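Take a look at the structure set out below.
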Amino acid sequence: TPVQIKEFGAVNKIDFSPVPPYNYAVTASSRIHIYGRYSQEPIKTFSRFRDAAYCATYRDDGRLLAAGSEDGSICLFDIAGKAPLRQFEGHTRPVHLVGFLSDKYRIFSGGDDYSSNLWDIPSATEIISYNEHTDYVRCGCASKVNADVFITGSYDHTVKMFDARTKSSVMTIEHGHPVESVLLFPSGGLLVSAGGRYVKVWDVLKGGQLLVSLKNHHKTVTCLCLNSSGQRLLSGSLDRHVKIYSTTSYKVVHSFNYATSILSLALSPEDETIVVGMTNGVLNVKHRKPEEKNENSQKKRQPAYRTYVKGRTYMPKQEDFCVSKPVKRVLRKYDKLLRSFQSSKALDAVLEPPIMLHTPEVTVAVMQELHRRGTLRSALAGRDEKQVNLLLTFVARRVIEPRFTPVLVTVADMITDIYQPVVGQSPIVDKQFLKLQEAIGKEIDYQEELLEVLGMMDTLFATFTKKRDTCLEENKSNGVTEIIETNTNY
């Protein structure tokens, strides 16, 4: 449930401290209030302004706060103190833009006197003043990549990029409407500008080329914000809506609706809190709902009763009877698909390269099971060129292995019958068919040679058997066989 906090006037700026505990500064009327993330009352107030205050902004270390004012002065506060540390005088009209450069020792500002100034914090002096805008300068931001670069947006419909080392702007972008807010992506390559009903994204590295123009609001867009990862862009408008865009597709992925027109919005560095300031002085604070912890996972992590009683290193005695827990069987992907009778998907699962290369017996076993069920033909049919090529490659490589031959010959017959009409349309499939034919032809030649060798060996074995039988018959006579040798003399 959002928290509603009433301020003294319209909230023109909200800025979160970049360091824990992530307090945020709210600028409204002639005061700056510092709120804790969950506090409904301000924990600190800066009220040393003669008139309205604008654009209170934290430095990167969260220790200093700078703000502009209606009388044209810029005040620099220490978070731990109350009175301003420095006061910068130079603007002749109200200052609506104040920010720190990334080196932390310089401040840039923009005012209704059309000027954009750069100030030195230690000496409280003006470094340089740019007078290139022709209307009020109301928004700006500093580059986090380059400590000398900052950007300003003006009601003269332009966005200008300044480099502190040069005497004039280095880039001018024509937005087409009075610019209410600008921001740079953390990488410094993309710039987002808001004005009128449009939110536009520009490529800074290509000289300010327009990438996307978004028109999702019905009234003027007044504020912009990025989340911590840069994947979400938020925009607030006078039409009482906050739109959240994905920075990959630039489509609206979420929207918040509020009671009145929105002037400012901010997101905490951890994306846990979104704060919106409205024209009626109401501050709306929303917190992300904490994730509920799963009780079951907690129970699983707790040690067993035996660990509490005996200790983790307890060893069972000889007379103890150990009861083993039943091991839960984890089914493979193809087993689950076979159980749900998804034949084609089961065949796809076992045709993945790791299974085909290292455990081809699994692939053949699934094919055999599909053939037993009578669904192998339907699983093989309806495949594209790449899948048929994969099937034929596997069959041609493994069909010559005796343990796979009976199954893969059947698979090869079915593939040939199914895809015979498309032979000649794909050179890849034709090549695999030729390889399969060559592999089977070689195997047939090997089998014929083996049969010839077996025939020769059978003949030899038969000869040996006859000789042995003859010798045995001679030895089976009733008495001792006498061999009488006679010499005949002529």
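If you average over every viewing direction, what projected area does the convex hull of the Cα atoms of the stretch 333-443 give, in nm²?
Values: hull surface 26.0 nm².
Taking the Cα atoms of the stretch 333-443, their convex hull projects to 6.5 nm² on average.
What's the angle, to the nearest 10 degrees (0 to 90), between helix 360-373's Cα axis and the longest principal axis of the chain?
80 degrees
Pick out, in residue order, every one of the trypsin sites (Lys or Arg not before Pro) in the stretch 174-246 that is DSSP loop and has at most 14 other C-beta atoms within 10 Å; say none if there are none. Present the calculation step by step, with values, prior to reporting the outcome.
Values: sites: Arg197, Lys200, Lys206, Lys215, Lys219, Arg232, Arg240, Lys243; in loops: Arg197, Lys215, Lys219, Arg240.
For trypsin sites (Lys or Arg not before Pro) across the stretch 174-246 that sit outside H, G, I, E and B with at most 14 neighbouring Cβ atoms in 10 Å, the list reads Lys215, Lys219.
In debye, nearest 20: dipole of the chain around its Cα centre with unit charges on the Cβ of K, R (+) and D, E (-)? All intermediate terms of the calculation are to be shown ahead of the outcome.
Details: 62 positive and 55 negative charges, 466 e Å.
Value, rounded to 20: 2240 debye.
Note down the magnitude of the dipole of the stretch 335-430 about its Cα centre, charges +1 on Lys and Arg C-beta and -1 on Asp and Glu C-beta and zero elsewhere, to the nearest 20 debye. Could you put the intermediate results ahead of the total?
Numbers: 11 positive and 11 negative charges, 59 e Å.
Dipole size: approximately 280 debye.
Could you tell me which of Val179, Val149, Val275 has its Cα farthest along the dipole of the chain towards the positive end, charges placed at Cβ (Lys, Arg +1; Asp, Glu -1), taken about the Cα centre?
Val275
Please report, as a whole percent, how much of the solvent-accessible surface of the stretch 385-449 comes from carbon and sulfur atoms (probe radius 1.4 Å). Show your work: numbers first, answer last.
Numbers: 2260 of 3960 Å².
It is 57 percent, rounded to a whole number.
Send over a whole-number figure in Å² for the accessible area per residue of the chain, probe 1.4 Å.
Numbers: 28690 Å² over 490 residues.
Result: 59 Å² of accessible area for each residue.
Would you grab the residues whose amide H sits under 5 Å from the one on His157? Only those 5+ places off in sequence or on another chain, please, with H modelled 1.01 Å from N.
Under 5 Å from the amide H of His157: Val179.
How large is the convex hull of the C-alpha atoms of the stretch 2-287 per residue, in Å³? All intermediate terms of the calculation are to be shown ahead of the outcome.
Working: hull volume 31.8 nm³, N = 286.
Per-residue hull volume (Cα only) is 111 Å³.
For the chain, what are the per-bin percents of Cα-Cα distances with bins 20 Å wide, up to the bin holding the maximum?
18, 27, 17, 23, 8, 4, 3, 1, 0
Could you give log10 I(q)/I(0) at q = 0.21 Å⁻¹ for the stretch 107-200, computed by the Debye formula over C-alpha point scatterers of equal weight, without solvent?
Each listed q corresponds, in turn, to -1.00.
Please sort by residue number the trypsin sites (Lys or Arg not before Pro) in the stretch 127-194 whose DSSP state is loop and whose Cβ has at most 16 other Cβ atoms within 10 Å. Spell out each step's value before the answer.
Values: sites: Arg138, Lys144, Lys160, Arg165, Lys167; in loops: Lys144, Arg165, Lys167.
Filter output for the stretch 127-194: Lys144, Arg165, Lys167.
Choose one of Pro353, Gln425, Phe394: the residue whose Cα lies farthest towards the positive end of the charge dipole of the stretch 333-443 (beta-carbon charges +1 Lys, Arg; -1 Asp, Glu; about the Cα centre).
Pro353
The values are calculated or read from the model by the stated rules, or taken from the named source; none is laboratory data. Keep in mind that this is a model prediction, so the values were computed, not measured. Backbone-built Cβ (ideal geometry, glycine too); neighbour counts: all protein chains shown. Accessible surface areas use protein heavy atoms only, side chains included; no ligands, DNA or RNA. Shrake-Rupley method; radii C 1.70, N 1.55, O 1.52, S 1.80 Å.
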